[in-house]
Amino acid sequence: MKLLNHAQINELAKFKSQKHFITSAYLDTNKSHQTYKEIKLRLKNLLNRAKTKLGELNLSKEKKESLQEDLSQIEKYLHQNLSSYHHPGLAIFSCARENFWEEFNLPEPPRNRIIFDRNAYVRHLSAILDEHKRIGTLVLDRKEAKLYQVFMDDIKLIEEIRGEVPPKVREGGWEGYESKRIERHIETHLHDYFKICAQKTFNLFQKNQFEWFFLGCKEEYLPIIKEHLHPYLLQRFKGQIKATPNDNEDKTFEEIKNLEKELKEKEKEQLVKQLISEIQKDGLAITGLDSTLDYLNRSAVQSLLVTRYYSQPGYSCPKCHFLYASYTTCPGCQISTQPVLDVIDEAIEMALDKNCEVKHINPPTQLQNYGHIGAFLRFKP
Ligand SMILES: [Zn+2]
């Protein structure tokens, strides 16, 4: 099902079983950066690693068997559906012995993970929701206006307004005076109609609370419609899309998603710039794997920035669970650390456990020149 609101997540978080654990699986099914064959192989490896991990867990036989069934069901589900699945990400929550199964199409690829726990691991779903904006989009021409609301993978037409402003007078079959009078009449008509559009948009904004507002109209209409927009909507106005009321919903949706993506990338790159400038003035920020892990271990990280898909092997201390890029002995505990396949994955998990924000920055990004990873800090210990 589509991920649309926090109520769905709360519902999922409510699921509890006295006897059994629940399996949460986050799967990167994005076909734009990997082939279908690669996806299949990566997910197979993920399931195998989960099986190994499950074998090592100190749980009752019954609990383990239920989790084992979860993995089998997920495997079966992927076998049947993966080839035709077209969303960039998938989240599955399963508790086989309680006949519990829930799946969510994700609008962006997560990192591949499988988590066994008493509760569904929903934090990542919340993070995805929080990252998305509720977007109001007004598309209009002289004849009609349509107001859409977009959130995540969903578009809704929430208002249609008929305009019927007559087309402009092209040449004066009339005397010049008469033609000017008609022109003025048409312009008044246009202003009145745009005013109505702006007013209705504002009414719906108050109800639906768009965080961003887009417009789709001819360049020449832009100043007129902006003139009538409420300041709250002007504040949220983020740009124009190439769409008319005649376009079908799919085309309009695509244009809205493209602009949203562009704006989000800009926002994230801005964050990277902020991080770099903070470092240059020796402020509360850090980059590079060693330093980032060090501050993360000491709970000093406020938000973590990482290049999407960056991964790196590393080490973890079995006693204090600190993460290291290269230490084979934990400096604190003076015991041998254990190798981990992807220390970035572990770092993201640690960050989420410590209630840090995690921002995945799409490459190419300046962050790549700073070791692919960095953080804003709460304090410098
Ligand atoms: Zn240690």
Yes or no: the stretch 258-268 includes at least one residue that is within 30 Å of residue 315 (Cα to Cα) and either out of contact with any helix residue (DSSP H, G or I) (no Cβ under 6 Å at 6 or more places or on another chain) or assigned to a helix (DSSP H, G or I) (or both).
yes
Would you confirm whether or not the stretch 359-369 contains a residue that is more than 18 Å from residue 111 (Cβ to Cβ), among the β-branched types (Val, Ile, Thr) and crowded, with 19+ Cβ neighbours inside 10 Å?
no
Scope the stretch 96-132; condition assigned to a loop (DSSP other than H, G, I, E, B) and surrounded by 16 or more Cβ atoms within 10 Å (Cβ to Cβ); matching residues:
107, 108, 109, 110, 111, 112, 119, 120, 121, 122, 132
So which residues in the stretch 209-225 are in a helix (DSSP H, G or I), surrounded by 15 or more Cβ atoms within 10 Å (Cβ to Cβ) and of a type outside the set (Val, Ile, Thr)?
221
Please note which strands (runs of 3 or more DSSP E) are completely contained in the stretch 286-362 and include at least 1 residues that are more than 14 Å from the ligand (Cβ to nearest atom) and modelled with pLDDT of 95 or more.
301-307
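Would the stretch 329-340 turn up any residue that is polar (S, T, N, Q) and either closer than 12 Å to residue 297 by Cα or surrounded by 21 or more Cβ atoms within 10 Å (Cβ to Cβ) (or both)?
yes
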Unmet criterion (only one of (1) surrounded by fewer than 15 Cβ atoms within 10 Å (Cβ to Cβ); (2) assigned to a strand (DSSP E or B)) for residue 58:
(2)
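Considering the stretch 16-30 alone, what residues qualify as being at pLDDT 90 or above and exposed (fewer than 15 other Cβ atoms within 10 Å of the Cβ)?
19
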If I filter the stretch 254-266 for residues that are surrounded by fewer than 16 Cβ atoms within 10 Å (Cβ to Cβ), without any contact (Cβ under 8 Å) to a residue 60 or more places away in the chain and over 30 Å from residue 205 (Cβ atoms), do I get at least one hit?
no
Can you say whether residue 50 is outside the structural domain of residue 343 (by TED's automatic domain parsing), within 28 Å of residue 311 (Cβ to Cβ), small (Gly, Ala, Ser) and part of a helix (DSSP H, G or I), as far as the supplied structure shows?
yes
When the residues of the stretch 69-95 are filtered to those that are in a helix (DSSP H, G or I) and in contact (Cβ under 8 Å) with a residue 40 or more places away in the chain, which remaining residue is surrounded by the most Cβ atoms within 10 Å (Cβ to Cβ)?
70
Just need a number here: residues in the stretch 226-250 that are in a helix (DSSP H, G or I), surrounded by 13 or more Cβ atoms within 10 Å (Cβ to Cβ) and within 21 Å of the chain's Cα centre (by Cα).
1
Report whether or not residue 378 is within 13 Å of the ligand (Cβ to nearest atom), of a type in the set (Lys, Arg) and touching a residue at least 40 places away in the same chain (Cβ under 8 Å).
no
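The values are calculated or read from the model by the stated rules, or taken from the named source; none is laboratory data. Computed from a predicted structure; not experimentally measured. When we count neighbours, we look across all protein chains shown, and the Cβ atoms used for this are built from the backbone with ideal geometry, even at glycine.
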